[in-house]
Amino acid sequence: MKRKIVSLLLLVSMFMSAFLTSCSDIDTGYEEETSTIPEITLTIYGIKGEGTTDEAIDLVEAQVNRYTEDKYKTTIELHMFTEEEYDEVIEDAFVKTQEQIERNELAEKAATAAAKAAREAAKQLSLEEQKEKKRAQREYEKWAESQGETGEIDIEMSDDVQLDIFLVDDYQYYQDLVERELLADISSSVTGTYGLITKFVNPTILSVAKIQGSYYGVPANRLMGAGKTGYYYAFRTDLVEKYGYEVTELPALNLAPIDAWLESIKANERGVVPFLAPPAVIQNFDFYMDNMEEYPAYGAKNVEGAATTSTNIQPILRGNNELNEMDVPVAFFHFRKMFKYRQAGYFGPEGADPKTTDFAVGVFKGSLDEVKAQLGDKAEQYTYATFAYPRVVTDDLFGSTMVVSSSCKYPARAVEVICGLCTDEKLRNLITFGVENVHYEVNNDGETITKLTNDYNMGFETYGNSLIGYVPEELGATYQADAIEKNKTIKASAFTGYIHTLEDEDIAAFEEINKVVAEYIDGLMNGYDVSNTADENGNGTIDIDDVFEEILVKLGKNEDVLGVYPDSKDGEDYEEPYVRLQGGLDSGFSTFAASRPTTAVVIDNSIITKEEKKRREELLAAEEAVEGETTELPTEGEILPEGENTEAEAEVTDEATETSPVEE
């Protein structure tokens, strides 16, 4: 640090005579506007794969710069490290850049003081000395121009660290960097100047990088939730037609309308199981932090196919609150319906095989093809509709994110480079695969590549957009097209991007409450009477509301049996720990949810029979004819050809899309 300051002070002394002979009528500012600087240098810090050599990185860097210097007027320095050493390198870079900022501030103060002294001395110069000052001024300008500057004194020392663009692959660390103010807020560039990012990066993926309404990074675009699947209804087509029921509701058919249909099946179809088995998920509801086993007591509303999710936490129990039908918690509604179906004898025997069991409707996990495979030869006898879309969580979206350091001098130019990695196939291919015909060759299909060497290895989904550019041959030529289609039916969990924070007292209550509810959750999901009055098979005469009452008493409704809120009062003023905790849960979640961007699931009508799809298309055409002309907008997150970006976006509000279960 001292060496940097001394060097700058020596430079100040070297040109003291020039400043001393400057006259007051000459402009003192020589700094050029940033926007007019023709060329700059940016650094990219990243993670390299095993076997990658420095020589290979240097070769790729040279090829990258042939491209970026021409297209972006930007020179790129690649700094690649192994995964084991990367975190330490980044933290060390933060320390060094902060030291540089501090010493530059000291040097600037010294230079300012010298300039002030020079101005004071200039007032005392003689006429002859005024001539000398002009000569000195010209000499100074020549020197400054030779340094590539027009006035700013800034000598880079060998120990300087420039941290501009770097990777973050841990969401907790990402939030920590934002809190430490080490990341630049790049919102205006992402949504404005380089808004093409929002057309090439799926909005669900991009949403996880938004904190308190601002973007601090651009996650790698990729196939979301690989291996995750949704749930489908399978309705026996002949029984649908026989009893006048229509599989018409989209995007996900709610359970409520099928009650009368199930009752008809039970009454009139001997030997037919009305409902094969209770669904393994709850429609329009995500358990807290997407973890029913650990956090079964609370959750959030997440309407299938809608653009928004709830901004508050819901308890799974209604408790003793006086709520109207529209306020009934989603999970409570589901549990009571499962209990009703179980008592009515709608469900088949435990573990019933769908291939051999005659059933009217069932809910199955998997893709449509996987669901049909579970039914075997019977698959063609059924009509299919969505029950629940595949859910993705934070880890599915935040695998690798490019961010800009708050110490970067040119954050907008840094976002331009990040935009290039998301939208420019050539730049994406260079960083990901290396130099063509050196590190890889393109196969005859023109889509996939074969590696030629093992000295340049980068993660396929690490840098930018893996849904453009080439693809490793093992993934296949249709990988990207298939991934784009799969992403259309993915819905983010209500808790994607959320990290909960509770006071110590509340954490203790939270843990105890979830332990109590965990004793009951499996039974509630399957519609069994799980109270103490039930037999070993879950059979009993007690009402489901009494089951909930038993849980609430165990949670401390009438006395503080949990022992987590010792200051609670007895009698009418007593506040249940279960209810009291919800305020703490809501305070953090509502703030998070309020800044979450809207992302709507694209409806995939291919899950419906051809006849039903045609009928819906006719209905839609009739509705549009009534409503008048409509403006066609691109699907949010649709991959558009470069240059066809549009600012038009459809906004879907809670009032227009969100539905609430109605208590029967």
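Can you give the FRET efficiency to the nearest 0.05 for residue 453 and residue 105, using r as the Cβ-Cβ distance and R₀ = 51 Å? Approximately 0.65, to the nearest 0.05.
For segment 190-258, take the convex hull of the Cα atoms, compute a quarter of its surface area, and give me that in nm², please. Can you show the working numbers first?
On the way: hull surface 31.3 nm².
Value for segment 190-258: 7.8 nm².
Count Lys and Arg as plus one, Asp and Glu as minus one, and take only other residues whose Cβ is under 12 Å from that of residue 380; the net charge is then +1. Among the trypsin sites (Lys or Arg not before Pro) in segment 257-365, those placed in a DSSP loop whose Cβ has at most 13 other Cβ atoms within 10 Å are 270, 355. Each label point was placed 7 Å from the Cα along the Cα-to-Cβ direction; for residue 71 and residue 181 their separation is 3.6 nm.
Pairs exceeding 20 Å between alpha-carbon atoms, taken from 210/491; 372/486; 228/488; 242/340; 301/515: 242/340; 301/515.
Taken along the Cα-to-beta-carbon direction at a fixed 7 Å, the label points for residue 82 and residue 499 span 2.7 nm.
Over all projection directions, the Cα-based convex hull of segment 153-223 averages an area of 6.9 nm². Of the residues 199, 486, 242, the one with the fewest other Cβ atoms within 10 Å heads the list, and the complete ranking is 242, 486, 199. Placing +1 on the Cβ of each Lys and Arg and -1 on the Cβ of each Asp and Glu in segment 442-527, which of 476, 502, 520 has its Cα farthest towards the positive end of the resulting dipole? Sorting the options by dipole projection puts first 476.
All of the numbers you see were taken from the coordinates with simple rules; none came from a lab. These figures come from a predicted structure and were not determined experimentally. Note that each Cβ is placed from the backbone with ideal geometry, even for glycine, and that neighbours are counted across all protein chains shown.
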